[in-house]
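**Q** Sending over a structure as structure tokens; questions will come in a sec.
Quick note: the coordinates plus some simple rules give every number you see, no bench work behind them. Everything numeric here is computed off the predicted structure, so don't read it as measured data. Positions of Cβ are backbone-derived with ideal geometry, glycine not excepted, and every protein chain shown enters the neighbour counts.
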Amino acid sequence: MGVAKYIKNQSDGIDKVIYQSGIEVKPCYGPKDLEDIGFDYDKDLGDPGQYPFTRNIHPQGYRSRAWTTRQYTGFGTPQDTNERFKYMIAHGQNGLNVAFDLPTQMGYDSDSPQSEGEVGRVGMAVDSLQDFEIAFKDIQFDKIGSGLTINAVATIMLAMYQATAEKYGYPKEKISATPQNDILKEMIGRGAWIFPVEPSVRLVCDTIEYSVKELPRCNPVSICGYHIRESGATPSQEVGFAFEIAKTYIDNLVGRGLAPDDFVGRFSFNLNVFGNMWEQIAKFRAARKLWAKLLKEEYGVTDKKNLFLRGLFGGGGSGLTKEQPENNIIRGAYYALAAALSGAQTTALCSFDEAFTIPTPRAALLSLRTLEILMEEVGLRDTVDPLAGSYFVETITKEMEDKIKEEMLRVQKIGGMTNAISSGYIQREVARQAYEFEKSLQNGEIIKVGVNKYTEGEQPDVDLHEYDDSWVNTQISRLKELRRTRDNREVSRSLKALEKTAKSENNVMPALVDCCRAYATVGEMTGVFRDVFGEWDEPCLF
Amino acid sequence: MEYKKRIRVLVAKPGLDGHDRGAKVIALALRDAGMEVLYSGLHQSIEQIIATAVQESVDVIGLSVMTGAHLPICARLMKMLREKDLSDVFVVVGGVIPQNDIPKLEKIGVKGVFPGGTRFEVIIDSIRALF
């Protein structure tokens, strides 16, 4: 939930404020503070659109373009999801962010025994190209970009997205997809991993390499500090760990002979908005600056556009509470304000009922409206980086920069991110933070309105999204029909070719596109990878 | 109150969901409360969870379910425990669990239901009260 620690004196005044990242806040800031940190406008900020981009990656921020809104959407069958996509687009949403159910995320078909009870539950069920054809029917692939929230099998979903677009007459050069595709963060938090670390990183980098060559408008990876924070990490760890993950992918691609300038411009980030507002603002500004510096100084990136930290700043899931659920609407608005004050290019906001389950259409719309009100009504498009020059904000932005660097150094000292994950260091660190936070919340050291202060007892009823069992039958009977009617010789041929590619060092993407076109299922394609790569043996944490 | 032996708990994540913040937090809290805690790791089938429970002779299986699939999962686990004559292993469950489902879970034999946000001492006391 991420609020700061406040140490109070006897008359309820605040003696000390300490942010989660360890920054201690003073009661008052002035010119002397900027002097103390050696603040230099050109070096520390630069004009918006100028290196190191602390203020914004674009010279005019939201004046030239408001943020892209991408509410996380998907449930039940592809038909249900298609209807919800169109509903959100009709109400002004300008990008999609597709939620997949767990069987799809874990590479199982809907009729697999492992899928029981989960088909269509937390996202849309996808078994084959047929499902994508239904889900994306009437979506303009050249105008609407799609985030695909999938990781272990992101290769398959990107291939499927391309095959679907082509089927609907959109050439692959025109499509814009952002598969989440950050497997290392899944191993830290969220847990939708399948294969061991090494082949997992290879698959991520295969999509990046393929996109660089074949999909000019796709951003093949969205590095997610978000879920690491949701799992318990502090804001400085969120960014520090995300950057160390990014470096792992960069190093792999450099090892393939690619120059960083050829691909780092395709990276995007997914960072969290919940927590103390000032700490988040400092985090986003410091992150933009550090990322640009890292790419320039460590990787020799020269093209200005490749130094941009672009991304989705949003969500805020862990900040939501089941107690007094309407409070989440207000929390969401403040979280979104932090994202807007930080110059997020893309955003999405958890809906108030997501403390319970995936959102109803009404709740999802309310989140979208919250984002629209910020841009259209209250003045967030007026001027770029409105907080620049604030004694307070600039001081903590600089302090946040140091805290992020400290976290990165810790990971480097134990041999980089893959070692830090294989040994369980990061997972233990994050779990420990989560436990400490929960204890602080339970003993009242951290305040959560409606939870440990201003409680009301009785909870109001909330209308919730309901899971419909009939989705499973619809999905499974269509899958069975597909297996009967498709050209099964073509399926076997394409899967054999995939196996051969997976065993080689060649990029798996072309073979996957071929499998998708033949209507091979997600379970069949993942099965090939499971046979070739095996599964990850999670380190024992306790 | 005195306890004859240390209670052994298997904190388990059944099924495909990987949201394990709650499972890890509760594992640490139970350990700090003096219990012996094992954590199953992710993506465990009910069969695997039961096998671990038998192998490690645990007294309690604590499931963490965040996806809403707690009813089918608990029903399967309870059925298999009965079939294997392991009814002396207590089952508790935590996660994203609506109030309405608590009586349904209790009816199939789940001994404690702890929706997200339940205080540690409530969970610890409920588990201790089983012995």
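**Q** P(r) tail for region A:463-527, what percent of Cα pairs lie past 18 Å? The partial results should precede the final answer.
**A** Details: 970 of 2080 pairs.
Value for region A:463-527 (Cα pairs over 18 Å): 47 percent.
**Q** Hey, with R₀ at 35 Å, roughly what FRET efficiency would A:Ile330 and B:Leu130 work out to, going by the Cβ-Cβ distance, to 0.05? Write out the running numbers ahead of the final one.
**A** Numbers: r = 40 Å, r/R0 = 1.15.
So, using R0 = 35 Å, E works out to roughly 0.30.
**Q** Between A:Arg362 and A:Arg217, what's the calculated FRET efficiency when r is the beta-carbon distance and R0 is 30 Å? Round to 0.05. Display every interim value, and only then the final one.
**A** On the way: r = 33 Å, r/R0 = 1.09.
Result of the calculation: an efficiency of 0.35.
**Q** Taking the highest mean first, how do the peptides A:334-341, A:24-31 order by number of other beta carbon atoms within 10 angstrom per residue? Don't skip to the end; give the middle numbers.
**A** Values: A:334-341: 22.8, A:24-31: 12.0.
Packing proxy ranking, top to bottom: A:334-341, A:24-31.
**Q** For the pair A:Glu490 and A:Ser11, how long in nm is the line joining their label points, each one 7 Å along Cα→Cβ?
**A** 8.1 nm
**Q** Turning to a different aspect of this structure: Determine the relative contact order of chain A: mean sequence separation of Cα pairs under 8 Å and six or more apart, normalised by residue count, in whole percent. Provide the component values of the computation, followed by the final result.
**A** Working: 1006 pairs, mean separation 107.0, N = 542.
About 20 percent, as a whole number.
**Q** A further question on this structure: If we sort B:63-73, A:79-89 on the protection proxy, mean other Cβ atoms within 10 Å, highest first, what's the order?
**A** On the way: B:63-73: 22.5, A:79-89: 19.0.
Taking the mean over residues of other Cβ atoms within 10 Å, the ranking is B:63-73, A:79-89.
**Q** Rounded to the nearest 5, what % of DSSP beta bridges with both residues in chain A are antiparallel?
**A** On the way: 6 of 31 bridges.
The antiparallel proportion sits near 20 percent.
**Q** Here is a further query. Work out the mean other chain Cβ neighbour count within 10 Å for the residues of A:427-438 and drop it here as an integer.
**A** 4
**Q** Find, to one decimal place in angstroms, the Kirkwood hydrodynamic radius of region A:248-405, where the mean of 1/r is taken over every pair of different Cα atoms and then inverted. The partial results should precede the final answer.
**A** Details: mean 1/r = 0.0585 Å⁻¹.
That comes to 17.1 Å for region A:248-405.
**Q** Please list the equivalent ellipsoid semi-axes of region B:8-128, computed as the square roots of five times the alpha-carbon gyration tensor eigenvalues, in descending order and whole angstrom. Don't skip to the end; give the middle numbers.
**A** Numbers: eigenvalues 63, 57, 41 Å².
In descending order, the three semi-axes are 18, 17, 14 Å.
**Q** In peptide A:479-487, how many Cβ atoms from other protein chains are near each Cβ within 10 Å, on average? Could the numbers behind the result be given before it?
**A** Numbers: counts 0, 0, 0, 0, 0, 0, 0, 0, 0.
Whole-number average of other-chain Cβ neighbours for A:479-487 is 0.
**Q** Another question, if that's okay. Only loop residues by DSSP count here, and only those with at most 10 other Cβ atoms within 10 Å; note down the chymotrypsin sites (Phe, Trp or Tyr not before Pro) in region A:433-521 that meet that. Can you show the working numbers first?
**A** Values: sites: A:Tyr435, A:Phe437, A:Tyr454, A:Tyr467, A:Trp471, A:Tyr519; in loops: A:Tyr454, A:Tyr467, A:Tyr519.
Taking region A:433-521 and a limit of 10 other Cβ atoms within 10 Å, no loop chymotrypsin sites (Phe, Trp or Tyr not before Pro) are found.
**Q** Related question: Using a 10 angstrom Cβ neighbour count of at most 15 plus a DSSP loop assignment to flag exposed GluC sites (Glu not before Pro), which longest range of chain B is free of such sites?
**A** Numbers: sites that count: B:Glu2, B:Glu56.
In chain B, the maximal stretch lacking such sites is B:57-131.
**Q** Using Cα pairs closer than 8 Å and at least 6 residues apart in sequence, work out the relative contact order for region B:8-128, in percent. It would help to have the intermediate numbers written out before the result.
**A** On the way: 189 pairs, mean separation 31.0, N = 121.
The value is 26 percent.
**Q** Counting only other chains, and only Cβ atoms inside 10 Å, what mean value do you get across the residues of B:38-45? Each step should come with its number before you reach the end.
**A** Values: counts 2, 5, 1, 7, 8, 10, 0, 2.
The per-residue average across the peptide is 4.
**Q** Output ³J(HN,Hα) for region A:146-151: one whole-Hz value per residue in order, computed from phi by the Karplus curve 6.51 cos²θ - 1.76 cosθ + 1.60 with θ = phi - 60°, and x for Gly and Pro.
**A** Running phi through 6.51 cos²θ - 1.76 cosθ + 1.60 with θ = phi - 60° gives 10, x, 10, 7, 8, 10 Hz.
**Q** Listed here are the pairs A:Lys86/A:Lys496; A:Lys185/B:Lys13; A:Lys296/A:Lys398; A:Lys43/A:Lys143; which of them are more than 28 Å apart at the Cα? Each step should come with its number before you reach the end.
**A** On the way: A:Lys86/A:Lys496 37 Å; A:Lys185/B:Lys13 18 Å; A:Lys296/A:Lys398 19 Å; A:Lys43/A:Lys143 37 Å.
Distance filter (> 28 Å) returns A:Lys86/A:Lys496; A:Lys43/A:Lys143.
**Q** Report the Cα centroid-to-centroid distance between region B:66-100 and region A:499-542 in angstrom, as an integer.
**A** 33 Å
**Q** Give me the mean projected area, in nm² to one decimal, of the convex hull enclosing the Cα positions of the protein assembly as shown.
**A** Working: hull surface 119.7 nm².
Projected area, direction-averaged: 29.9 nm².
**Q** Using the Kyte-Doolittle scale, which helices in chain A average at least 0.5 and also have C-alpha atoms spread 15 Å or more along the helix axis, with helices defined as whole DSSP H runs? It would help to have the intermediate numbers written out before the result.
**A** On the way: long enough: A:78-90 (18 Å, -1.15); A:154-167 (19 Å, 0.41); A:197-214 (25 Å, 0.00); A:235-255 (30 Å, 0.18); A:277-299 (32 Å, -0.60); A:327-341 (21 Å, 0.74); A:361-376 (21 Å, 0.62); A:391-413 (34 Å, -0.85); A:425-442 (26 Å, -1.02); A:470-485 (23 Å, -0.97); A:488-503 (23 Å, -1.13); A:522-533 (16 Å, 0.59).
Once both thresholds are applied, what remains is A:327-341, A:361-376, A:522-533.
**Q** Right, next: Once all Cα-Cα distances of region A:75-170 are split into 10 Å bins that start at 0, what whole-number percent is in each one?
**A** Pair shares across the bins are 17, 52, 27, 4.
**Q** Given points 7 Å out from each Cα along the Cα-Cβ axis, report the A:Lys304 to A:Asn419 separation in nanometres with one decimal.
**A** 3.9 nm
**Q** Looking at region A:442-542, which GluC sites (Glu not before Pro) are DSSP coil and have at most 11 other C-beta atoms within 10 Å of their C-beta? Numbers along the way, then the final one.
**A** Details: sites: A:Glu445, A:Glu456, A:Glu458, A:Glu466, A:Glu481, A:Glu490, A:Glu499, A:Glu505, A:Glu524, A:Glu535; in loops: A:Glu445, A:Glu456, A:Glu458, A:Glu466, A:Glu505, A:Glu535.
The qualifying sites are A:Glu456, A:Glu458, A:Glu466, A:Glu505.
**Q** Equivalent ellipsoid semi-axes for region A:190-308, as square roots of 5 times the alpha carbon gyration tensor eigenvalues: give them largest first, rounded to whole Å. Write down the numbers at each step before the final one.
**A** On the way: eigenvalues 115, 69, 28 Å².
That gives 24, 19, 12 Å for the three semi-axes.
**Q** How much FRET efficiency would the formula 1/(1 + (r/R0)^6) give for B:Lys107 and B:Ser57, where r is the Cβ-Cβ distance and R0 is 30 Å, rounded to 0.05? Show your work: numbers first, answer last.
**A** On the way: r = 27 Å, r/R0 = 0.91.
Once rounded, the FRET efficiency stands at 0.65.
**Q** Separation between the B:Asn100 and A:Glu377 pseudo-spin-labels, each 7 Å from Cα along Cα→Cβ, expressed in nm?
**A** It is 3.2 nm.
**Q** Which aspartates and glutamates, if any, have their Cα less than 12 Å from the Cα of A:Lys174, not counting same-chain residues under 8 positions apart?
**A** Cα-Cα hits under 12 Å: A:Asp142, A:Glu166, A:Glu214.
**Q** Looking at A:Leu464, B:Val11, A:Ser268, which one has the Cα that reaches farthest to the positive end of the dipole of the protein assembly as shown (charges on Cβ: Lys, Arg +1; Asp, Glu -1)?
**A** About the Cα centre, the residue reaching furthest to the positive side is A:Ser268.
**Q** What's the ranking of A:295-302, A:241-248 by average number of surrounding C-beta atoms within 10 Å, highest first? Present the calculation step by step, with values, prior to reporting the outcome.
**A** On the way: A:295-302: 15.5, A:241-248: 25.2.
My ranking of the peptides, most packed first, is A:241-248, A:295-302.
**Q** Another one. Have a look at A:Val449, A:Val201, A:Phe313 and report the one farthest towards the positive end of the charge dipole of chain A, computed about the Cα centre with Cβ charges (Lys/Arg +1, Asp/Glu -1).
**A** A:Val201
**Q** Hey, another quick one. Report, in debye and to the nearest 20, how large the dipole of the protein assembly as shown comes out about its Cα centre when Lys and Arg carry +1 and Asp and Glu carry -1 on their Cβ.
**A** Details: 80 positive and 92 negative charges, 113 e Å.
Here the protein assembly as shown has a charge dipole of around 540 debye.
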